[in-house]
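Participant: I am attaching a structure below and will ask some questions about it afterwards.
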Amino acid sequence: MTAQRQLIVMRHAKAGELPGGPDVERALRPRGCRNASAAGQWLAGRGLVPDLVLCSNARRARQTWQYVSAELAGEPRVINDPRLYHADAGDLLEIFAETPAQVRSVMYVGHNPAAADLAEILTGSPVDFPTAAIAIVDVAGGWPDLSQRSEGAGELVASWMPQPES
């Protein structure tokens, strides 16, 4: 497959609980902060810097991006989109279809099950998605094409998961 576009799918890093508080305000745990930084180092080591970041407005997703971006060279445009908080994989494909044609690489920082479902739809195979996991999916065609022919429209070219803590 000749990639015209690249989608970096990332599930937010490990967050704590917020008893009595709104789920959207849950913050990263120290392990989540470390894993998000490690994810950024992994991306930087491969020269992967997205042109555009579509990030859930949930605190844990925004914090994940903050730690990832601290490790990257370059400053992509970042959109904290409230639609991503409750989006399923189909919703994500519709949101990605709005991406301007000149954007070659999009990073999604969000939630499961949407992240795992999206990667599986695009690649045609299940992808393991623990917190802070990343899947790099090359896709042919334009962003609007994803919502119309999503099944198997991409190729998993790399993935990363944090190391288990001992």
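The values are calculated or read from the model by the stated rules, or taken from the named source; none is laboratory data. Not measured: the values here are computed from a predicted model. Cβ placement follows ideal geometry from the backbone for every residue including glycine, while neighbour counts extend to all protein chains displayed. Please note that ligands, DNA and RNA were not included when accessible areas were found on the heavy atoms of the full protein model with its side chains. Shrake-Rupley method; radii C 1.70, N 1.55, O 1.52, S 1.80 Å.
Participant: When Gln163 is evaluated against the numbered criteria (1) open to solvent by less than 80 Å² (accessible area, probe 1.4 Å); (2) at pLDDT below 95, which criterion, by number, is the only one it fails?
Facilitator: Among (1) open to solvent by less than 80 Å² (accessible area, probe 1.4 Å); (2) at pLDDT below 95, the lone unmet condition for Gln163 is (1).
Participant: Hey, any hits in the stretch 149-159 for a residue that's part of a helix (DSSP H, G or I) and at pLDDT 95 or above? Steps first, please.
Facilitator: The first filter runs over the stretch 149-159 and keeps only residues part of a helix (DSSP H, G or I), leaving none.
Looking for residues that are part of a helix (DSSP H, G or I) and at pLDDT 95 or above, one finds none in the stretch 149-159, hence no.
Participant: Out of (1) in contact with a helix residue (DSSP H, G or I) (Cβ under 9 Å, 6 or more places away or on another chain); (2) farther than 21 Å from Ala15 by Cα; (3) surrounded by 15 or more Cβ atoms within 10 Å (Cβ to Cβ), the odd one out for Arg59 is which?
Facilitator: (2)
Residue by residue, here is whether (1) closer than 24 Å to Ala44 by Cβ; (2) open to solvent by less than 10 Å² (accessible area, probe 1.4 Å) holds:
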residue: Ala101; (1), (2): no, no
residue: Ala114; (1), (2): no, yes
residue: Thr131; (1), (2): yes, no
residue: Ala158; (1), (2): yes, no
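To keep it simple, each residue is scored yes or no on (1) more than 25 Å from Pro164 (Cβ to Cβ); (2) among the aliphatic types (A, V, I, L, M); (3) in contact with a Cys (Cβ under 7 Å, 6 or more places away or on another chain).
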| position | (1), (2), (3) |
| --- | --- |
| Trp65 | no, no, yes |
| Val68 | no, yes, no |
| Glu94 | yes, no, no |
| Gln102 | yes, no, no |
| Leu118 | no, yes, no |
| Ile134 | no, yes, no |
| Val137 | no, yes, no |
| Ala140 | yes, yes, no |
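Participant: For the stretch 44-55, indicate whether the set of residues that are open to solvent by less than 30 Å² (accessible area, probe 1.4 Å) and touching a Leu at 6+ places or on another chain (Cβ under 6 Å) is non-empty.
Facilitator: no
Participant: Okay, moving on. Any idea which of (1) in a helix (DSSP H, G or I); (2) at pLDDT below 95 is the one Ala116 doesn't satisfy?
Facilitator: Condition not satisfied by Ala116: (2).
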